[in-house]
Amino acid sequence: MVAGVSRVPGLAGHGQQIASAVKSGQIGHVIAGLPATAARSVGMITRAAFTAGLNHILLVAAIIALASGVVSLLSIRGRDFAHQGAPGAAEAPGPPEVSGVSGHR
């Protein structure tokens, strides 16, 4: 970001000051005090720097999530899963029948 600000006409020596204003959250006040062309340039540079930083953070988070998923899949043993009965086996018993009681009244 400092290199980008140093290329803006009239702001060559103010890159560090603008960078510290961005870090402290005071960039709005700095941009308000700049000439219109410099304010647009600094605004675009700071938004681009923010977007680039956010892209890096999200990329690292996605890589960590993917690696965690792969490790989770590889670390689960086959015998840790609940197995159903063999295909074609008798179905699970239904509710118990009570002898001597008719279902009709």
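Conditions (1) surrounded by 10 or more Cβ atoms within 10 Å (Cβ to Cβ); (2) closer than 13 Å to GLY4 by Cβ; (3) within 23 Å of the chain's Cα centre (by Cα), marked per residue:
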residue	(1), (2), (3)
ALA19	yes, yes, no
THR46	yes, yes, yes
ALA49	yes, yes, yes
VAL60	yes, no, yes
LEU66	yes, no, yes
SER72	no, no, yes
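Answer yes if at least one residue in region 51-60 is closer than 30 Å to LEU11 by Cβ, touching a Ser or Thr at 6+ places or on another chain (Cβ under 9 Å) and in a helix (DSSP H, G or I), and no otherwise. Taking every residue of region 51-60 in turn, none turns out to be closer than 30 Å to LEU11 by Cβ, touching a Ser or Thr at 6+ places or on another chain (Cβ under 9 Å) and in a helix (DSSP H, G or I). Do you know which residues across region 21-34 are loosely packed, with under 12 Cβ neighbours inside 10 Å and either touching an Asp or Glu at 6+ places or on another chain (Cβ under 9 Å) or not in a helix (DSSP H, G or I) (or both)? The answer is GLY25, GLY33.
Read the figures in this text as sums done on the coordinates, not as results from a lab. Just so you know, these numbers come straight off a predicted model, no measurement behind them. Note that we place each Cβ from the backbone using ideal geometry, even for glycine, and neighbour counts take in every protein chain shown.
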